Structures are given as C-alpha cells and as structure tokens.
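In what follows, a single structure is set out as structure tokens and then discussed.
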Amino acid sequence: MSASVDVKVGDWEAVGLVAGREVRTRLRSKAFVITTAVTLLLLIGFSVVMKFVSTNGSDATVGVSGGATALSAPLKGTAAAIGQTVDVEQVDEAAGRDQVAKGDLDALLVGDGTTVTVVVKKDIDQKLRNVLNVLAGQVALNQQITAIGGDPAEVGQAVSDARAVVEPIEQPFDYNGQQVALGAIAGVLIYMSLLINGQAVAQGVVEEKSSRVVELLLATIRPWQLMAGKVLGIGIVGLIQMVVIGGVGVAAALTTGVLTVSVSAALGTVIWLIVWFLLGFFAYSLVFAALAALVSRQEDVGGVITPPLMFVILGYVLGISILPSDPGNQLAEVLSLVPLFAPTLMPIRLAMGGVPVWQAAVSVVLVLALIPALVWLSGRIYRNAVVRGGAKVKLSDALRAA
C-alpha cells in the first residue's frame with residue numbers, strides 16, 4: 001500500500017493537497033469572513049474612539065475666581081509635580097458656580113487665595129483632591145515662610161529643584177507606556193489566534209473521524225500526511241488572518257494617532273506576532289490533532305485538549321495580568337523562555353521592549369527544537385488512534401505500535 005502511494009503522489013505533495021483543501025474550505029467559510037471582518041471593525045472603531053477620547057488631555061478643569069486667581073500658576077505646577085494635568089479657567093464666581101452645577105467645570109476655587117476653598121457639584125475626584133490637598137499645604141507653608149521673613153518663591157524653587165540621587169547597579173529599561181499597551185494587545189491577539197485555530201484543528205480531526213471520511217483519505221495517503229496537511233492548512237489560514245488583523249490594526253492606530261510609537265517598533269511587533277503565532281500554532285496544534293484523534297465525538301474534544309490548552313490560557317493570564325503593571329517581572333521573564341509558555345508570554349514582552357537578544361533567541365530555538373519531537377510523538381498517536389472508532393482510545397494504547 002505504501003509503495004503505491006509513493007508512486008501516485010509524493011509525501012509532501014500529499015501534504016500540500018490536504019493543506020490546500022483546508023485553506024480553500026476555510027477561506028470561503030462564513031465563520032472566517034465574519035470573524036475577521038468583525039475583529040477589523042472593532043479594531044478600527046476602537047482606534048477612532050480612542051482618538052476622540054484622547055483629544056482631552058487634561059485630568060480636570062478647574063475655575064478660579066476673585067482672590068483665588070492667584071492660585072492659578074501654583075495649581076498647575078502642583079498638578080504637574082504629581083503627574084496630573086489640570087486646565088485652569090478664570091471665571092466670575094457666580095458664573096463659575098453655574099458651570100460647576102452644569103458639569104462644565106470639575107471644581108471652582110473661591111475666596112481670597114489665603115486658603116484653598118473649593119466648590120464642587122457633589123463630590124470631588126480623588127486625583128483632583130490630592131492635587132488640591134498638596135496645593136493647600138503649599139499655601140500654608142508659604143504663609144509660614146512669609147511670617148518669619150523668608151521668601152516663599154526662593155524656598156519653593158529650592159524645594160522643587162531638590163532631587164534624590166539614584167545610583168542603579170544595572171541600568172533599567174525605560175518602558176514606553178504605549179508599547180506596554182501594544183504588548184497587552186499583542187497578548188490578546190496571539191491568545192485568541194492560538195485558541196481559535198488550535199481548536200479548529202482538533203474539531204476538524206474529530207469531524208473527519210466521526211464521518212468516516214478519514215478512512216477514505218487514508219486509503220490514498222498516510223496518516224502523518226493527513227495530520228500535517230490539516231495543521232499546515234489551518235495554520236496558513238490563521239496566518240493570513242493574523243497578518244490582516246495585525247497589519248490593519250497597527251495601521252489604524254498609527255493613522256489616527258492613537259499610537260505614537262515609531263513605525264519600525266509597530267512593524268516589529270507585527271512581525272514578532274507572526275513568528276510566535278507560527279511557532280505556537282504548530283507546536284500546540286500537533287498536540288491538539290493527536291489528542292483529538294483519541295475521540296470520535298465533537299462533545300469529547302474539550303476534555304482531551306483541555307490539559308495542553310491550560311498552558312496557553314495560563315501563559316496568557318500571567319502575561320496580561322502581570323506584565324502591563326510590571327514589565328520587568330522575573331517570573332514572567334523566566335516562564336517566557338519555557339516552550340510551553342513562550343508563545344503567549346514572549347510576544348507580549350517583545351512588544352513592550354527591553355528583552356535581551358539572547359532571551360528572544362533562546363525562546364525561539366527551544367520551541368523550534370521541541371517541534372520535531374512533537375511531530376514524531378503526535379504522528380504516532382494520530383496514526384494509531386484516528387482509524388479506531390467508537391469509544392475513546394486510551395493514550396497508552398495509541399502510543400503503542402500499531
């Protein structure tokens with residue numbers, strides 16, 4: 001049988017035929033078109049919304065009236081010193097109170113400027129409260145300095161110029177806030193792609209097995225060719241989807257100004273997304289295909305692929321919950337080198353920046369080294385289980401030679 005197969009069709013030609021069939025079928029499917037279109041619309045819509053939201057760069061708008069107008073400059077300076085942005089508008093007190101009531105102003109400073117008296121509609125935002133509390137302390141301090149014959153301006157300048165001298169043993173990486181956000185988005189995309197396309201492989205295997213189509217296919221091609229072709233075909237479809245979504249998403253963000261990182265940094269993120277999608281997809285899909293061959297019903301697919309799927313989910317959860325607030329986290333750094341977690345953790349870290357070249361190289365090499373072993377192991381399980389119908393095939397039985 002194997003000799004006749006070799007004559008009729010070559011090994012990789014058979015793989016190509018199966019892959020081509022998968023690509024044509026899935027690219028024409030409504031699910032692929034709708035999923036891709038909806039994702040693109042969401043990304044473009046998100047970019048447009050963020051563009052309008054980001055046009056207001058201030059954290060609060062505060063009115064000043066009467067003697068409190070003298071607090072305008074100190075208010076702005078105090079806000080800037082603690083990382084906030086406050087717009088200050090000079091208004092008549094009566095008009096200002098009316099604007100506060102309507103919500104046009106977040107707060108109104110009134111009085112003679114010797115104290116910080118604030119008019120608000122109901123309550124005050126905690127960030128603005130912190131700014132005003134610091135300002136009140138500064139006003140009180142200035143009054144004490146004046147009372148003992150000092151110059152509040154000179155003292156204030158001396159205090160503002162004072163800085164702690166930090167001597168790091170190792171120079172920390174200066175993480176860009178937008179790249180951190182880009183890393184989080186990259187994590188979501190790679191996770192969803194691995195999840196959707198990996199499960200598609202498993203469901204496709206069971207569909208062919210339950211419908212007995214696999215028996216017809218295996219009459220002309222070998223089991224490993226069928227498995228490899230299916231994984232390759234779905235991988236190509238997933239790659240096309242990843243390139244389209246990643247490319248359009250980054251282009252929309254750059255065009256609208258939501259992302260202000262360099263074009264090279266944005267393209268680098270897309271390229272790494274593609275690389276890690278391919279590595280992660282082929283590694284996990286080989287396992288999904290093999291384990292799916294153990295069962296004959298779609299409802300049993302989830303049970304057999306859940307164990308390896310948990311590593312995908314765990315890597316994503318760790319990355320998305322830890323790295324945005326702590327990009328240099330050591331646990332995430334170590335796990336991103338482990339092949340089981342690298343496909344979800346490493347692309348997030350690479351998008352954020354600051355990953356040593358050797359770490360990126362080691363993570364890629366380790367996954368590449370694992371894939372041949374997975375090809376052999378998964379091929380063996382698939383070959384021995386895919387033609388067995390009925391009850392679930394034990395993994396130990398599938399590992400034995402047919």
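One table, with the values for the structure above:
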item: Under Karplus coefficients 6.51, -1.76 and 1.60, residue-wise ³J(HN,Hα) of the range 178-184 in Hz, glycine/proline x; result: 6, 5, 4, 5, 5, x, 5
item: Fully extended contour minus Cα-Cα distance, from T306 to V49, at 0.36 nm per residue; result: 88.9 nm
item: Separation of the D98 and A73 label points, Cα + 7 Å toward Cβ, nm; result: 3.1 nm
item: Ranked E215, E154, criterion: other C-beta atoms within 10 Å, fewest first; result: E154, E215
item: By average C-beta atoms within 10 angstrom, highest first, the peptides 62-75, 126-139; result: 62-75, 126-139
item: Computed E for V188/V155 - FRET, C-beta separation, R0 41 angstrom, nearest 0.05; result: 0.25
item: Lys/Arg +1, Asp/Glu -1 at C-beta; the chain dipole; positive extreme among V357, L273, L71; result: L273
item: Value of relative contact order over the range 180-305, rounded to a whole percent, pairs C-alpha under 8 Å and six or more apart; result: 47 percent
item: T115-R400 pseudo-label distance in nm [points 7 Å out on the Cα-to-Cβ vector]; result: 8.9 nm
item: Set of lysines with alpha-carbon distance to K230 below 22 Å, sequence-local pairs under 8 removed; result: K8, K30, K209, K392
item: Residues listed by number, the range 91-130, amide nitrogen under 15 Å from D59 label point at 7 Å toward C-beta; result: 106-107, 124-130
item: Residues W276, W358, W224, W12 arranged by fewest to most Cβ contacts within 10 Å; result: W358, W12, W224, W276
item: DSSP beta bridges in the chain [antiparallel fraction, %, rounded to 5]; result: 25 percent
item: Cα-based reach from K127 at 16 Å (exclusive), listing aspartates and glutamates while leaving out same-chain residues under 8 positions away; result: D59, D87, D106
item: Between 0 and 90°, nearest 10: helix 152-161 axis offset from the chain longest Cα axis; result: 20 degrees
item: Helix-only [θ]222 nm of the chain, DSSP H runs n ≥ 4, -39500 (n - 2.57) each, per residue, nearest 500; result: -23000 deg cm²/dmol
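Read-outs throughout are calculated quantities, based only on the coordinates presented, and are distinct from any laboratory measurement. Just so it is clear, the model here is predicted, and its values are computed rather than measured. Please note: Cβ atoms are built from the backbone with ideal geometry, for glycine as well, and neighbour counts cover all protein chains shown.
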